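Notes to accompany the following structure.
The values are calculated or read from the model by the stated rules, or taken from the named source; none is laboratory data. Everything numeric here is computed off the predicted structure, so don't read it as measured data. All Cβ positions, even for glycine, are placed from backbone atoms using ideal geometry, and neighbour counts span all protein chains on display.
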Amino acid sequence: MRVNPPHTFSALSYQLLPFRFERINDDLFLLVNEVGENCYLNFEDLNDLIDGRLVTSGKVFQKLESKSFIYSENNNFSLRAFSAKYKARKSFLFDGPALHIFVLTLKCENSCEYCQVTRRSPDTVTYDMPLSIAKQAVLRMFESPAKNLTVEFQGGEPLLAFETLRYIVELCIELNETQQKNLQFVVATSLQNIDMEMLNFFHIHNIHISTSVDGPKWLHQLNRPNSCSNSYEKTICGLEMARSVLENDRIAGMTTITRSSLSEPKAIIDEYVRLGFHSIFLRPLNMYGFAVKKENKVGYSSDEFNKFYEQALKYIIKVNQQGYRLDEVNAVLALNNILTPRATGYVDMRSPCGDGTGVLVYNYDGKVYPSDESRMLVEMGDKSLALGSVNDPYQELISSSVLNTILQAGIAEALPGCSDCAYLPYCGANPIQNYSRYGDMIGHRAFSAFCAKQKFLYRYIFKLLDDKSHRAVFNSWLPHSICQTTEEALTNG
Ligand code: SF4
């Protein structure tokens, strides 16, 4: 982003507020400002805007002023509105880590092609989290200033350590009698080991489930094999049992896209509809853990993923238009960023990055990490990203030199490539992903799979938003209260 120095504009009737832009075609530009508001301008209007020649009584001026692209000396309200919007967009900065991931065990019965942790055989106890570590981790979590705390259980397969899970939930509830936080529990599980005792416990404590269904049986079992060749049946059986006890909206599905998935967007989505899901997360591969060893077998290029995603989203919109509500998580996050004043809070799409500031991970062995990806690097032999141990006070963990280094590379506004990018207000810095893939935390946007995915996603969503026939579907994916604002924003374009 390059803006002329203030004195250049001092004699003019208005001043520019920070924005970036991207050329859409010969005569059309998309402008996105620092607070995430956006509009299209033609070449002439863009030049007039930058040269200070806009007529203050004209429609273009008024649109840009109402969207915080410009302000005039005699309208101090615009500047105050900009400040308030900026504060809302970066509101996550005031909270501290809200997501706390407990890695209860590395044990798992599956041997997924893309596994990002080095799973261990179910008959070993060496890789389980002891209760003493679980207790210390819970105490650290409650030291976070965040009012809303999400406790996420991961593995391996966390249900293979159900007694530890139960201990942590009960301890959290007991401590929360005095702490008074808003607690939310989520278990990331294959559902293959679920039973009624666990489900009743989940029901009583309002625990949510996130499970992996990779598509139709043949694809799921190809991606997620287990020793009995029945991982699909076991997951579907667990899903049915879970739905007999928990409400549908407490069970979310996600699908990891492997090379074998690329040709099957329709089959994957049809399977989600058949299974009664109303949300799907089309998650690209993360090249950590076992997935790195199998990259040649399961990996693909960013272009291949984006082509798949384009086809899949087109089909999901069609399914919605035919009367079945199914949203896609990447698109929902992007729409929320584009159409609403608040950031999603999603840790990968924050600047400053969410590593450590938005999430803490308590590993089974008592080490604390700033993200799920950094503890996965440990399983590949790199322990350099540990912030400390669960026995260290929260203040020490959060001010550790490791987190300091990560945050220095975690401000997207200061990263080469990102600093000029129109989509920056919707995006985030990903220092740990850069480090794991390219050996340094700054990275290079031209080679970044994350950047390629983000740029494609936002360009595609903006293109879809141009077509009014998509708006009813997109509105139905956003919380009801903001749909009307959204429609107005789109209409006023
Ligand atoms: S990662 Fe890519 S899409 Fe995101 S802000 Fe940086 S350059 Fe833009």
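Scan the stretch 360-372 residue by residue and report those that are buried (at least 24 other Cβ atoms within 10 Å of the Cβ) and within 19 Å of the chain's Cα centre (by Cα).
Passing the criteria: Leu360, Val361, Tyr369, Pro370, Ser371.
Within the stretch 432-475, take every residue that is more than 13 Å from the ligand (Cβ to nearest atom) and of a type in the set (Val, Ile, Thr) and give me the one that is farthest from the chain's Cα centre (by Cα).
Val473
Any idea which of (1) buried (at least 20 other Cβ atoms within 10 Å of the Cβ); (2) within 16 Å of the ligand (Cβ to nearest atom); (3) more than 19 Å from the chain's Cα centre (by Cα) is the one Ala429 doesn't satisfy?
Failed condition: (3).
When the stretch 371-419 is examined, which residues are found to be among the β-branched types (Val, Ile, Thr) and either more than 21 Å from Ala98 (Cβ to Cβ) or in contact with a Leu (Cβ under 6 Å, 6 or more places away or on another chain) (or both)? Let's see the steps before the verdict.
Residues of the stretch 371-419 that are among the β-branched types (Val, Ile, Thr), as a first pass: 378, 390, 398, 402, 405-406, 411.
Correct list: Val378, Val402, Thr405.
Kindly indicate the residue of the stretch 388-406 that is within 14 Å of Pro431 (Cβ to Cβ) and of a type outside the set (Val, Ile, Thr) and also nearest to the chain's Cα centre (by Cα) among those meeting that condition. Steps first, please.
Just the residues of the stretch 388-406 that are within 14 Å of Pro431 (Cβ to Cβ), to begin with: 402-406.
Then drop every residue that is not of a type outside the set (Val, Ile, Thr), which leaves 403-404.
Details: Leu403: 20, Asn404: 22 Å.
Top of the filtered list is Leu403.
Of all residues in the stretch 317-335, which are small (Gly, Ala, Ser) and either surrounded by fewer than 17 Cβ atoms within 10 Å (Cβ to Cβ) or within 14 Å of Asp270 (Cβ to Cβ) (or both)?
Once the filter is applied, which keeps residues that are small (Gly, Ala, Ser) and either surrounded by fewer than 17 Cβ atoms within 10 Å (Cβ to Cβ) or within 14 Å of Asp270 (Cβ to Cβ) (or both), the stretch 317-335 yields only Gly323.
Picking from Tyr369, Tyr346, Tyr394, which residue would you name as being in the same structural domain as Phe153 (by TED's automatic domain parsing) and more than 22 Å from Ser448 (Cβ to Cβ)?
On the way: Tyr369 fails: more than 22 Å from Ser448 (Cβ to Cβ); Tyr346 fails: more than 22 Å from Ser448 (Cβ to Cβ).
Selected residue: Tyr394, the only one of Tyr369, Tyr346, Tyr394 that is in the same structural domain as Phe153 (by TED's automatic domain parsing) and more than 22 Å from Ser448 (Cβ to Cβ).
Restricting the search to the stretch 175-194, which residues are in contact with a helix residue (DSSP H, G or I) (Cβ under 8 Å, 6 or more places away or on another chain) and not in a helix (DSSP H, G or I)?
Those that are in contact with a helix residue (DSSP H, G or I) (Cβ under 8 Å, 6 or more places away or on another chain) and not in a helix (DSSP H, G or I): Lys181, Leu183, Phe185, Val187, Ala188, Thr189, Ser190, Leu191, Gln192, Asn193, Ile194.
Quick one: how many residues across the stretch 282-306 are under 23 Å from the mean Cα position of the chain (by Cα), at pLDDT below 95 and outside any helix (DSSP H, G or I)?
Residues in the stretch 282-306 being under 23 Å from the mean Cα position of the chain (by Cα), at pLDDT below 95 and outside any helix (DSSP H, G or I): 9 in total.
Which of the numbered conditions does Lys266 fail, given that it passes all the others? Conditions: (1) over 22 Å from Thr189 (Cβ atoms); (2) assigned to a loop (DSSP other than H, G, I, E, B).
Checking Lys266 against (1) over 22 Å from Thr189 (Cβ atoms); (2) assigned to a loop (DSSP other than H, G, I, E, B), the one that fails is (2).
Taking the criterion of being within 18 Å of the chain's Cα centre (by Cα) and in a helix (DSSP H, G or I), would at least one residue in the stretch 307-320 satisfy it?
Let us first name the residues in the stretch 307-320 that are within 18 Å of the chain's Cα centre (by Cα), namely 309, 313.
Filter again for in a helix (DSSP H, G or I), leaving 309, 313.
Yes.
Sort out which residues of the stretch 414-426 are within 9 Å of the ligand (Cβ to nearest atom) and part of a helix (DSSP H, G or I), and write them in order of number.
Leu424, Pro425, Tyr426
For residues that are touching a strand residue (DSSP E or B) at 6+ places or on another chain (Cβ under 7 Å) and of a type in the set (D, E, K, R), scanning just the stretch 317-359, find the one that is farthest from Ser476 (Cα to Cα). Quick ask: steps written out before the conclusion?
Of all residues in the stretch 317-359, those touching a strand residue (DSSP E or B) at 6+ places or on another chain (Cβ under 7 Å) come to 326-330, 338, 347, 358-359.
With the extra rule that they be of a type in the set (D, E, K, R), the set shrinks to 327-328.
Working: Asp327: 9, Glu328: 12 Å.
Only one residue fits best here, namely Glu328.
Out of everything in the stretch 79-108 that is of a type in the set (Ser, Thr, Tyr) and in contact (Cβ under 8 Å) with a residue 40 or more places away in the chain, what residue ends up being surrounded by the fewest Cβ atoms within 10 Å (Cβ to Cβ)? Write out each step before concluding.
Initially, the stretch 79-108 is screened for residues of a type in the set (Ser, Thr, Tyr), giving 83, 86, 91, 105.
Restricting the remaining residues to those that are in contact (Cβ under 8 Å) with a residue 40 or more places away in the chain gives 86, 91, 105.
Details: Tyr86: 19, Ser91: 13, Thr105: 27.
Per the criteria, the residue is Ser91.
Take the stretch 230-289 and flag every residue that is closer than 22 Å to Ile204 by Cβ, surrounded by fewer than 18 Cβ atoms within 10 Å (Cβ to Cβ) and either among the polar types (S, T, N, Q) or in contact with a Lys or Arg (Cβ under 7 Å, 6 or more places away or on another chain) (or both).
Of everything in the stretch 230-289, those that are closer than 22 Å to Ile204 by Cβ, surrounded by fewer than 18 Cβ atoms within 10 Å (Cβ to Cβ) and either among the polar types (S, T, N, Q) or in contact with a Lys or Arg (Cβ under 7 Å, 6 or more places away or on another chain) (or both) turn out to be Ser244, Asn248.
Any chance you could count how many residues in the stretch 200-238 are within 30 Å of Ile173 (Cα to Cα) and assigned to a loop (DSSP other than H, G, I, E, B)?
Qualifying residue count, the stretch 200-238: 2.
So which of Thr118, Thr56 ends up being farther than 22 Å from Tyr458 by Cα, modelled with pLDDT under 90 and over 33 Å from the mean Cα position of the chain (by Cα)?
Every option except Thr56 fails the conditions.
If we scan the stretch 94-110, do we find a residue that is in the same structural domain as Leu387 (by TED's automatic domain parsing), over 29 Å from Cys353 (Cα atoms), at pLDDT 95 or above and outside any loop (DSSP other than H, G, I, E, B)?
no
Given Asp382, Asp392, which one is at pLDDT 95 or above and surrounded by fewer than 18 Cβ atoms within 10 Å (Cβ to Cβ)? Walk me through how you get there before you give the answer.
Numbers: Asp382 fails: at pLDDT 95 or above.
Sole residue among the options that is at pLDDT 95 or above and surrounded by fewer than 18 Cβ atoms within 10 Å (Cβ to Cβ): Asp392.
Looking at this structure, is Ala334 within 19 Å of Ser436 (Cβ to Cβ) and among the hydrophobic types (A, V, I, L, M, F, W, C)?
On the way: within 19 Å of Ser436 (Cβ to Cβ): no; among the hydrophobic types (A, V, I, L, M, F, W, C): yes.
Against the criterion (within 19 Å of Ser436 (Cβ to Cβ) and among the hydrophobic types (A, V, I, L, M, F, W, C)), Ala334 does not qualify.
Does Leu387 count as surrounded by 18 or more Cβ atoms within 10 Å (Cβ to Cβ) and over 18 Å from Phe153 (Cα atoms)?
Working: surrounded by 18 or more Cβ atoms within 10 Å (Cβ to Cβ): yes; over 18 Å from Phe153 (Cα atoms): yes.
Yes: the conditions hold for Leu387.
Among Phe43, Phe82, Phe21, which is over 27 Å from the mean Cα position of the chain (by Cα) and outside the structural domain of Leu424 (by TED's automatic domain parsing)?
Details: Phe82 fails: over 27 Å from the mean Cα position of the chain (by Cα); Phe21 fails: over 27 Å from the mean Cα position of the chain (by Cα).
So the residue among Phe43, Phe82, Phe21 that is over 27 Å from the mean Cα position of the chain (by Cα) and outside the structural domain of Leu424 (by TED's automatic domain parsing) is Phe43.
Say whether the condition of being under 30 Å from Lys181 (Cα atoms), of a type outside the set (S, T, N, Q) and part of a loop (DSSP other than H, G, I, E, B) is met by at least one residue in the stretch 74-93. Give the derivation first.
At the first step, the residues of the stretch 74-93 found to be under 30 Å from Lys181 (Cα atoms) are 83-93.
The next check asks that each one be of a type outside the set (S, T, N, Q); those that pass are 84-90, 92-93.
Imposing the further condition that a residue be part of a loop (DSSP other than H, G, I, E, B) reduces the set to 90.
Checked the stretch 74-93: at least one residue is under 30 Å from Lys181 (Cα atoms), of a type outside the set (S, T, N, Q) and part of a loop (DSSP other than H, G, I, E, B).
Which of the numbered conditions does Leu403 fail, given that it passes all the others? Conditions: (1) away from the ligand (no atom under 13 Å from the Cβ); (2) modelled with pLDDT under 95.
Here Leu403 meets the rest and fails (2).
Out of Ile194, Ile269, Ile173, which single residue is in contact with a Gly (Cβ under 6 Å, 6 or more places away or on another chain) and either of a type in the set (Phe, Trp, Tyr) or at negative phi (or both)? Steps first, please.
Working: Ile269 fails: in contact with a Gly (Cβ under 6 Å, 6 or more places away or on another chain); Ile173 fails: in contact with a Gly (Cβ under 6 Å, 6 or more places away or on another chain).
The match here is Ile194.
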